[in-house]
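The values are calculated or read from the model by the stated rules, or taken from the named source; none is laboratory data. Worth saying up front: this structure is predicted, and the values here are computed from it rather than measured. As a convention, Cβ positions derive from the backbone with ideal geometry for all residues, glycine included, and neighbour counts pool all protein chains shown. Only protein heavy atoms, including side chains, enter the accessible area calculation; ligands, DNA and RNA are left aside. Shrake-Rupley method; radii C 1.70, N 1.55, O 1.52, S 1.80 Å.
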Amino acid sequence: GKKKVLLVDDEESILLLYREEIEEEGFAVEVAHNGDQALEVFKGTPPDLVILDINMPGMNGIEVLRQMKAINSELPIILSSAYPEYKEDFGAWASDEYIVKSANTDELKAAVHKYLD
């Protein structure tokens, strides 16, 4: 079956763009709009990879990352943020990849392939 990507972002436009681009690459995509929803999916039907936004209302991405890695440290998690400076955040080091949001999704798609191919 297809490898599954869990996409977590509170912005609908980002979800639509990323989902379309990643599905075109041949992966199945599930979306979550916040950290709680993401953790529910993660625990219920674990994905093969997570793309996680940092700035979200409620639980931020760094906290979601921490909880996901506590459940399964092997599962690749890509942090996706509009802000490059979060790369310096100690909590972000636990991620496997850090990608700054862009309308050009080549870097993101390359990272997904790196972990799922």
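Relative contact order of the chain: 24 percent, from C-alpha pairs under 8 Å at least 6 residues apart in sequence.
By the Cα gyration tensor, segment 49-115 has an equivalent ellipsoid whose semi-axes, rounded to whole angstrom, run 18, 15, 10 from largest to smallest. Round to a whole number: what % of the accessible area of the chain belongs to carbon and sulfur, probe 1.4 Å? Percent of accessible area from carbon and sulfur atoms in the chain: 49. Here each label is just a point 7 Å from Cα along the line to Cβ, and for TYR83 and GLU63 those points are 1.6 nm apart.
In order along segment 71-87, the phi-based Karplus estimate (6.51 cos²θ - 1.76 cosθ + 1.60, θ = phi - 60°) of 3J(HN,Hα) comes to 7, 8, 6, 7, 6, x, 10, 9, 7, 10, 9, 6, 10, x, 5, 5, 4 Hz; Gly and Pro are listed as x.
Grab the beta carbon distance between GLU107 and GLU11, set R0 = 30 Å, and tell me the FRET efficiency rounded to 0.05.
0.95
Accessible surface for the chain, divided over its residues, is 52 Å² per residue with a 1.4 Å probe.
Taking 0.890 mPa s as the viscosity and 25 °C as the temperature, the Stokes-Einstein diffusion coefficient of segment 4-116 based on its alpha-carbon Kirkwood radius rounds to 180 µm²/s.
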